[in-house]
Structure formats: C-alpha cells, structure tokens
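Some notes on the structure that comes next.
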Amino acid sequence: MEQVQRSEIVSAVTRSVQEVFATMLGLRIEPGEPWEEPAVPSGFNGVVALVGVAGAWTGSGRISCSSGFACHVASALLNTPYDAVSEDVLDAVAEVANMVMGNVKTIFEERLGQLGLSIPTVVFGRNYQTRYSGIAEWTVIPFTCDEHSMEVRFCLVSTPWVLRIPRPEAMLA
C-alpha cells in the first residue's frame, strides 16, 4: 500500500502556507521544526479552522492561531484593520485555511488521484477542545509571522474501501 511520508506532508504544507501568505496576504511566514503528535483532545484558546480531505485518501487539515493573529490575517487579506474577532475575521481565517488546504490537496493529487475538500469550519473561543475520529497522529508544522505564531496540523491516510478513480492522464493512455 502506498504511503504518504511525513516529509512529504511537511513539504506540501510549508510550500502552500508560504505561497498563500506571500501572494494573498503580502506577509512573510517562516516554518519551524515539525513534529508528530497523537490526535488527542487538548485545550485551546483562539481560532481553529478545519478542512477535511476525502477520496481514495482521507484526512484533515487544521490551522490554529491566537485571536490577535486571526485579526492580523484578516486585516492583510481584507485590507481593513481588525482589532477583535468578528464574522469577517472568522471568514478570513476560513478562506486562508481553504486556500492552504486546497494547495496541499492539489500537490497530493498529482500522485494520489482526485481528492475533495470539505467546506471550512471555524471555531473560536477559550479553553475548548477539538477531537477527530479515525485520525491517529498529526504532522504538526509551526509557523511564525512577525510576532505571531500559528500551527498547521495535517493527516492523510489511505482509504482502502473507496473505489479508486484513475487519474485523468491514466484514462488517456
């Protein structure tokens, strides 16, 4: 069975985050040292955006950051200053997560075949937990931008019971 290596996830996520931040936000963001972490619930304060991946491979991407960084991202994307989390800020974080995970999906589709994305879900608050069924371990990549930080978590596993859809170029052969 084909596997996606942690180094491939780190490379795809890092490339995608840096591309989205540079082209869409005009911000420079730097990756930190990645690690793997069990998918166990833990408390969090701030904003989390979740995007699911489905197809012959399934998984999830999660961007988490402080409220301050969420406002910074929204201000850059919408060219309007935000100093508190609002619907616009949550929508902006959702859109950034969608762009990042969409780019990651495209990178993996070249090798794994067609994948789909869910609509982003955004959670905001204090001392809350998120839990994922069926995900055993995350690849976690921290990033810093100015004085802010965020984490991107990603997991992708083969779904053996899904009918494999051939890649378009394979259908032309």
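The values are calculated or read from the model by the stated rules, or taken from the named source; none is laboratory data. Please read these numbers as outputs of a predicted model, since none were measured by experiment. Using ideal geometry, Cβ is built from the backbone for each residue, glycine included, and neighbour counts are taken over all protein chains shown.
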Just to verify a result, which residue in the stretch 15-52, among those that are surrounded by fewer than 19 Cβ atoms within 10 Å (Cβ to Cβ) and of a type in the set (S, T, N, Q), is modelled with the lowest pLDDT?
SER42
Within the bounds of the stretch 62-83, is there any residue that is outside any helix (DSSP H, G or I), at positive phi, surrounded by 15 or more Cβ atoms within 10 Å (Cβ to Cβ) and of a type in the set (Gly, Ala, Ser)?
no
